[in-house]
Every structure is written in C-alpha cells, then in structure tokens.
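Q: Sharing a structure, written as structure tokens. Questions coming.
The values are calculated or read from the model by the stated rules, or taken from the named source; none is laboratory data. Computed from a predicted structure; not experimentally measured. Cβ sites come from the backbone with ideal geometry, for glycine too, and all protein chains shown count toward neighbours. Areas reflect the complete protein model, heavy atoms only, side chains present, ligands, DNA and RNA absent. Shrake-Rupley method; radii C 1.70, N 1.55, O 1.52, S 1.80 Å.
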Amino acid sequence: LESELGDKLVDLCVPSYSSYTLPCFTSNVLAAWDYTPSTLAPQSDAAALGSLNSYFTVDTLSTYLGGEKFTDATETSVKSASAIQIVYYLKSDIEVINNRYESFKNEAWEEKFLDAVFNAKSANLKYYPSATRSFSDEFGAVIGGDVILINLAYIIMIVYLSVNLGTLPCRCVCPNPGSRVLLSLASVLSILLSMGGSFGLCAAMGFIWTPVHSVLPFVILGLGVDDSFVIVNAFDHTDRTQPIPLRMRDALAHAATSITVTSLTDFVAFAISVSSALPALSSFCMYAAFNIFLLFVLQVTLFSAAVALDEERQQKKHADCCPCCSNCCIGSCLATPCCKPLEQHDAEAAQGGGAAAAGHASHLAQHEQGGISKFIEFKYCPALLSTGGKISTLAAFTALLAVCCIWGVPNLTVEDNARAFIPDDSYLLDYFAKQDKYFSDAGTPMYVVTPPDYDYFANQAALSATKQDVEALAPKYLLSPTKDPNSYDSWYDAYVGYCAQTGVTGYTTSADTFYQSLHAFLQSSQGGYYNSSVVWAGPRSIAATRIETEFKAMSKWVETGDDGEGRLQVDADKVVEAMDEVRVYDWAVEGAYPWSSAFPTWETFKVIQQELYGNVLLCLLAVLVITTLLIGHPGCSGLVFLCVTMTVADILGCMYFWGLFIDNVSVIQAVIAIGLCVDYAAHVGHSFMLKAGSRDERVTAALADIGAAVVNGGLSTFLAVLLLSGSKSYVFRVLFQQFFLTVVLGLAHGLILLPVLLSLCGPNCYAAVEANAAKKSGDEKAEFRVAASSEKAIVNEPK
C-alpha cells in the first residue's frame, strides 16, 4: 500500500530486528513462517499447526488468536481458533502545528489501509479493521454531520419567536404591523453576536475547544430566547399611551431586574466551575460564562433597542417586511385575494364584535391577556391553589425527591464513556465487539519508568528486582510475570540474556563493559526492539528507561438491551484503585514511577464524581447568595433555592433511571441544568415580590404576569434541542436527555411547586409595592366617594 504522500509501510513502521523477510515489527502468527508464503503453502493443516505450536508458546498465541481450542486438557497445544488479530506498528510522526497535533504521513497511510481492508473479499474470513485515526474520524464525522441540526434549531426558534412575540406573520391583513418577525431576528442576532464575541475572547486567552463545546449554541439559544420573552412580555404590559422611552424604562425596571437575577446566577455558576480540575469542564465553563455575560449586555441594549424601534414601526403602521416605508409591499400584498387592508379588517372586526373587538383588532390596542395567561389565571391557579391541589402537589414532589435521592443519586456511578462517542452505525463498534468476544482477557500496558541521573551500572540488582516488584503487585493489580511471561518485558533481563549467549561477563564488574555491551545489544537483532525503551543522554549516560508490564483485565459486562446483549466496559473503581496502588508502591529502583497511556482517562474517573458534586454544591451556593442579594428577601430566595436544589437532585436521580452515568459530558450538562432551572424559579419568585394582596392573590397575579413568558422560555429551550433526540452523537444525545429533564422538572418546580410554597409561606411583598397598592386603593376609594356624591346630587336635584 502506498499513501497519497508516497509513503509505504516500510517507510513508516517500527523496524523489526527478528525477521529477515519483513522489515516491520508486527504482531502476527505468520512470524512462525517468517512471513514467507512459500514456506507456509506446502504444509498440511497438521504441519502448519505443528509449526505454530513449536514457534510460539500458548501464552503468546493467546495474544494473536481468539476462541482457541486445545488438543487436550493440559491446554499446551492449540488445534483451532475462531479469530486472528494482526497489528502493525507505526512510528509516531506527530507534530504540533498551530496548537494542534498533526500526523500527516501516518494518517494518510492508515486511510489507504482502512480502504484496503474494507474492500477485501474472502469466502472464509470477515475483516474488522481499526486504526489510530479511526476514533477521531468517526467522532468528527458525526459531529460535523450534526452541525446541520444547529442551523435547523435556529430556524425553528425564529419561527417560534415570530409566532409568539406578536401576531401571526400571515393573517390576511395588509399591512400587518403586529407581526414581529424582524424582532425575532434581532433576538437571534443578539444571541449569535454574544457567541461570536465570547468564542473569540476565550480563544484569544488560550482556552481549548473540545467536542463538548458544540452544545453551547443550543444552551445560549435557550437562555437568550428566554430573556427575549421576558423583555417583550414586560414591554407589552406597559401603557401604550405613554411615550416609547418611558414604556421601555418601566419594562426594563421590571424585566431587567429579573434577567439580572438569572444571568448573574448563571454567570457565577459557570465562573466557579472554571476552577475545575478537568480541563474540558474548565474551558467549557469559561466559554459559557463569557457568553452569558455578553448575552445579558446585548439583550438589555441591542434587543431592547430593537423592541423600541419595532414599537415605533407598529405605531406608524409599517409592514414588518418593509419597516422603513408605509406603502412598500402593500400593493403586491393586496393583490392576493385573501388579503384585506388593515382599516377594512379593523372596521369589520368592530362591526362584528363591538368596541372590544375593534380594540383587539387594532395594532395600537392596549395589551390583551394572552391565552396562556388567561388559562393560568382562571383555570390553572384556582385548581393548583385549592386545598386538594396543594396537598397533592406537596405529596407528589416529596415522593419524587425521595425516589431520586434514595434509589437514583446513590446509584449514579462513574463509567467509561469512550465507546459512547462512537456513532451507532460505525465499523468501530463491530471491531470492539469482536475484541470483547475474543480478546477480552487482554490487560492494559504499563511501564515502570526509571528516573534520570540514575547509576544503571551500580544498581543492576534493583533493575533485576523490578520483576519481583511486579510479582508482588500480582495478581490483584498486575499480571504475574511467572504465570504470564509475555506480560513482562524488561530490557535489562533481555540484556542479561544476551550477555549470557555472547559470553560477555564483565558487565557486572566494569562500567565500560556494561555500557559498551549495552550499545552492542541494542544494535543487534535480539535487542533492536528495545531501542525505544532506552533513551541515551551520552555514550555512558542514560536519560531514562522503561520496563513493560501489564495490568490485569479490569472490565465488567454492561447490558445494553433486554435480550442480554451488552459490552465490556472498564470498571472505573477497580482501575482507579490499581493506579493508586502502583503509584504509591516502593519500587526497587529508587525514584522509578509507573506510567500508562490509560492514566489520563483513569485520572478522570478518580476526580469526576467529586467534580460533579463539588461543582453542583458551589453553584447552588452561588444561587442562594445571588438570589438573596438581588431578590432582596431571604424568605423568597430561600424558597427559590429550595426548588432549584430539588430540581437538581431530581435531575441527577432521573439520570440514573434513564441509563446515564457520570462522565465529563454529563458533569458539564449538570452545571448547565442549574443555570436553566434557576431561570424558571427566579422569575416567578421575583414577580411574586412585586404583587400586593393575599398570598394566593399574589401567586395568581405573578403567574398570570410572568407564567406565559416562563412557559415560552421552557418550550423554546426544549424545541432548541428536540432535533438532537435522533442524533448519532453521544454528546448531543446526552444534551437532549438532560435538557429534557431540566425543562420538564424545572418548569414543574417553578410553576407548580414554588407557587404552592409561596402561597403557604411566602414573604410579604416589597414595602414600596405595598405602599403603592395602598395609595392606589385610597385613590380608588376617593374616586368612588366623589362619584357617589355626584350621583346623589343628581338624584336630589329638584324638578
């Protein structure tokens, strides 16, 4: 095979010093015939088995063959096998280019290798390939394919905003000033600008971008649309007879305070998690924190200005599609048979329904309570705040919390998610399935690395004693060198064997002989393999060496279906215990330490659970402090905090019941969930403090005022991630699952449980609100007395 760059296997492979035919080091049963077809072809099946069993030990064959059957009970001779594993080793050619790891030559050849295996045909064999580039290819392809879902999500959101912010864009009226399509675009524009600004700032500061960051557009879309609904809802409730600047002042006095509570809470929650020990989580939270800050600034400036301009357009009766002129597009619009002029539509509405209908038809009419608000005020609240409704609500949410905290959260475990990132239809899953079936007893390689500036000649006894150290850690953590000789490979032991074969004796008494013989050994066919295990600093100075051993297989079977199907998965608890034990072990070589390519993943297993609960607790503490400061009453903020805490606990519990586990993806989503569920509860709590009257009256007024905006915000967040339910990407699927839980449980706690708690033990409203309510009540009574006196005077007037 030759790559597009002109490289062949012999140009890229790790050289072999044991074969005269194949210059590349491989793991292959064909080594028994020195990779020579003419040697194998004449042999009968029995002769070929004899050559195989005489060349390899049974332990060595177990690494090449799967599903072996033996000639007798002693299992000393293989007679058949179901699978053969062949491995080709390439030298690393990784380069750092523009802060990215690149491997151009190897990846180009691996592409040709994969194509060749995919196209290979055999009546007797099935091929299951894998290469170093396979994982990044498959995961990158599914992420790239799902980028279209981001575009579709934004299109859906523009449509949803257009329908819910104003009148329907197409209602057979021309012009249709009540339509707010342009305002919807302004909302999305503020979201996109906040993402562009935050991504640029974080990239400039050196924060990494990982595949998990691809969920940010969905998160910010949900938060931004929620803020837009709150601002427009507050603006629509102002007096339309007042000048637009005064109306915007009054709207932002109410909405901006509520948005500040949620945005600042989200910002601090993410900012706290920047201190995480997990680089991916830290980077994600920095991106999210900057994004939320810029989104808040743009919502209260750019989008609010767009709301004011849109209202000015409506007052001028300009069409939404042509905001700068009054007659543009009207001619072509009226040419449509179903369209009527605005004046005719208003007149017909007034004629059919009286003054009220006319007022409703006019785009300048005072804001009329929407359908959702009417339902909440006149149907939902009376049922919820009844005695039976309160008892049922408290019982249901207590039961849910108990189930999640007793059976859900305690059973939420740390698991390896490496294979979860592979698409469902990937060839890699077939490869791993065969690995699990035939080679599941293979352990994880580990190296004992010797320290720099170590006197290797003077400490040969310690180098030899490393084998006894490994034996001491077996069989609980490492494979035994005695029982599994192939699991232990020491350059020093091989060097001693070489000296015995070549008659070198002075290596134990003369440093010159030791180093000269070691150079000769590494240049020989017997020792060439160990060149990568000994790093020279000079002719008689070694920088470092490594001795290879192997962890025992520490996997568990995880069922993936009701039919008993499943897969092997790394047992996170066991590998963390094994890693910690080999690290604290007192190795014979002073200063030596163990290393494995799996350690970074196992380190994640070690800290991920405490990162999850630590970040959740810190974020909840931030929620309590900020809501207390901004809502201004510990009673109300305490109830909001209680609902947010219960929501998070229920989300974590439901994660277990939905088959999710603790990994770097779900930890990030848990932090996001806190930010989202704060929005649902904080808006209701803040609105409750702005209402006067009895507790039930204040709850009803608050929900009638802000409930529709909260519902729209939750639905918009759900719609933003709905398309991800069918994604092949693990990141996007987990995002959908946790967003679904967040929206459902967040809305339930914010619009069901919190109103009940506020009706039972909610604090008094702000003193200024109570004073204004008393003043308004006194003015109304005075007006009533004046009206009554006038009526009495008219009645008593003499005829």
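Q: Please give the helix 279-298 orientation as an angle from the longest Cα principal axis of the chain, in degrees from 0 to 90, rounded to the nearest 10.
A: 20
Q: For the stretch 38-114 and the stretch 365-442, write down the distance between their C-alpha centroids in whole Å.
A: So the separation of the two Cα centres works out to 45 Å.
Q: For labels at Ala253 and Trp536 in the simple 7 Å Cα→Cβ model, what's the distance in nm?
A: It works out to 8.4 nm between the two label points.
Q: Using 0.36 nm per residue, how much length does the chain from His519 to Thr210 gain when fully extended, once their Cα-Cα distance is taken away?
A: Going from the current span to full extension adds 106.9 nm.
Q: When only C-alpha pairs under 8 Å and at least 6 residues apart count, what is the relative contact order of the chain, in percent?
A: 16
Q: Does anyone have the angle between helix 304-315 and the longest principal axis of the chain? Alpha-carbon axes, 0 to 90°, nearest 10?
A: 40
Q: Still on this structure, please answer the following. Could you check the simple spin-label distance between Ser725 and Ala47, using points 7 Å along Cα→Cβ, in nm with one decimal?
A: About 6.5 nm separates the two model spin labels.
Q: Take every Cα-Cα pair in the stretch 577-630 and report what % of them are more than 18 Å apart.
A: Counting pairs separated by more than 18 Å, the tail of P(r) holds 56 percent.
Q: Could you tell me how many cubic angstrom of Cα convex hull volume the stretch 490-603 has per residue?
A: Here the figure is 147 Å³ per residue.
Q: To the nearest 0.05, what FRET efficiency results for Val769 and Ile158 with a Förster distance of 41 Å applied to their C-beta separation?
A: Rounded to the nearest 0.05, the efficiency is 0.65.
Q: Once R0 is set to 56 Å, what does the formula 1/(1 + (r/R0)^6) return for the Cβ-Cβ distance between Phe118 and Lys79, expressed as a FRET efficiency to the nearest 0.05?
A: 0.95
Q: Report the calculated FRET efficiency for Leu302 and Leu125 (r = Cβ-Cβ distance, R0 = 60 Å), to the nearest 0.05.
A: 0.45
Q: Something else now. Leaving out ligands and nucleic acids, note down the accessible area per residue over the stretch 580-643 with a 1.4 angstrom probe, in whole Å².
A: Per-residue accessible area for the stretch 580-643 comes out at 47 Å².
Q: Still on this structure: Within a Cβ distance under 13 Å of Ser263, other residues only, what is the Lys/Arg minus Asp/Glu net charge?
A: Here the count lands on -4.
Q: Hey, quick one: spin label on Gln468, modelled 7 Å out along Cα-Cβ, who in the stretch 572-589 has an amide N within reach, i.e. under 19 Å?
A: From the stretch 572-589, the list is 585-589.
Q: Taking the full set of protein chains and a 1.4 angstrom probe, give the accessible area of Leu49 in square angstrom, rounded to the nearest 10.
A: Approximately 50 Å² for this residue.
Q: Give me the distance between the Cα centres of the stretch 465-539 and the stretch 662-694, rounded to whole Å.
A: Here the two parts' Cα centres lie 61 Å apart.
Q: Which one of Val159, Val504, Pro539 is farthest out on the positive end of the charge dipole of the chain, using unit charges on Cβ (Lys, Arg +1; Asp, Glu -1) and the Cα centre as origin?
A: Val159
Q: Shifting gears a bit: Quick one: length gained pulling Thr241 to Asn98 fully straight, 0.36 nm per residue minus the C-alpha distance?
A: The span from Thr241 to Asn98 would gain 45.6 nm if fully extended.
Q: Subtract the Cα-Cα distance of Asp453 and Gln610 from 0.36 nm times their separation in residues, and report this length gain in nm to one decimal.
A: 52.8 nm
Q: Restricting attention to the stretch 49-139, which trypsin sites (Lys or Arg not before Pro) occupy a DSSP loop and are surrounded by at most 10 other Cβ atoms within 10 Å?
A: In loop regions of the stretch 49-139 (DSSP not H, G, I, E or B), the sparsely surrounded trypsin sites (Lys or Arg not before Pro) are Lys121, Lys126.
Q: Could you tell me which chymotrypsin sites (Phe, Trp or Tyr not before Pro) in the stretch 209-271 are loop residues by DSSP with no more than 16 other beta carbons within 10 angstrom of their beta carbon?
A: Trp209
Q: Between Leu90 and residues 5 or more places away or on another chain, which pairs have amide H atoms under 5 Å apart, with H built 1.01 Å from N, and which residues are they?
A: Here the answer is Val14, since their amide H atoms fall under 5 Å of that of Leu90.
Q: Oh, and also: In straight Cα distance, which lysines are under 24 Å from Lys728, not counting same-chain residues fewer than 8 positions off?
A: Lys434
Q: Note down the magnitude of the dipole of the chain about its Cα centre, charges +1 on Lys and Arg C-beta and -1 on Asp and Glu C-beta and zero elsewhere, to the nearest 20 debye.
A: So the dipole magnitude of the chain works out to roughly 2520 debye.
Q: From zero up to wherever the largest Cα-Cα distance of the chain sits, split into 10 Å bins and tell me the percent of pairs in each.
A: Spelled out per bin, shortest first, that is 2, 10, 17, 18, 15, 12, 9, 7, 5, 2, 1, 0, 0, 0, 0.
Q: On to the next question. Among Lys126/Lys556; Lys8/Lys79; Lys374/Lys691; Lys483/Lys574, which pairs are too far apart, with a Cα-Cα distance over 24 Å?
A: Too far apart for the 24 Å limit: Lys126/Lys556; Lys8/Lys79.
Q: Kindly express, to the nearest 10 degrees and within the range 0 to 90, the angle between helix 767-795's C-alpha long axis and the longest C-alpha principal axis of the chain.
A: The angle comes out near 20 degrees.
Q: Just want to confirm a number: the relative contact order over the stretch 595-739, from Cα pairs under 8 angstrom separated by 6+ residues, in percent.
A: About 23 percent, as a whole number.
Q: Can you give me the % of accessible surface on the chain that is carbon or sulfur? Probe 1.4 Å, all protein chains present, nothing else counted.
A: 60
Q: In the chain, once you exclude exposed GluC sites (Glu not before Pro) (DSSP loop, at most 16 other Cβ within 10 angstrom), what's the longest stretch remaining?
A: The segment 76-367 is the longest one with no such site.
Q: Also, quick follow-up: Through the Karplus equation 6.51 cos²θ - 1.76 cosθ + 1.60, θ set to phi - 60°, convert the phi angles of the stretch 485-491 into ³J(HN,Hα) values in whole Hz; use x for Gly and Pro.
A: So the J values, rounded to whole Hz, are x, 6, 7, 10, 9, 10, 5.
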